[in-house]
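As structure tokens, the structure follows; a few thoughts come after it.
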Amino acid sequence: MRFTAAITREGRWYVARCIEIEVASQGETFETALENLKEALDLRLEDEPDVVGQSEPPIIASVEVVPERRRTVA
């Protein structure tokens, strides 16, 4: 099975999250976080074999939000 991972840096850790299934893991390096996520996914699928990912990978996009200035009421 193929899944999509989003990996972010949080302090000294890399956090890897699976997009299709709510599974996450971490590691001190990008590679370790990804390997730990693979292991966590294996364990999840072992416990719940009926959990399956989407047939097509999700579309991942960056979204920029610029907050409006807060208005002060006099």
Condition first: closer than 24 Å to Ser62 by Cβ, among the hydrophobic types (A, V, I, L, M, F, W, C) and either more than 14 Å from the chain's Cα centre (by Cα) or surrounded by 14 or more Cβ atoms within 10 Å (Cβ to Cβ) (or both). Now tell me which residues in region 14-50 satisfy that.
Val15, Ala16, Cys18, Ile19, Ile21, Val23, Ala24, Ala33, Leu34, Leu37
Just need a number here: residues in region 24-74 that are closer than 11 Å to Phe3 by Cα and modelled with pLDDT of 90 or more.
3
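The values are calculated or read from the model by the stated rules, or taken from the named source; none is laboratory data. Keep in mind it's a predicted model, so treat the numbers as computed, not measured. Cβ coordinates were reconstructed from backbone atoms using ideal geometry, including for glycine residues, and neighbour counts include every protein chain displayed.
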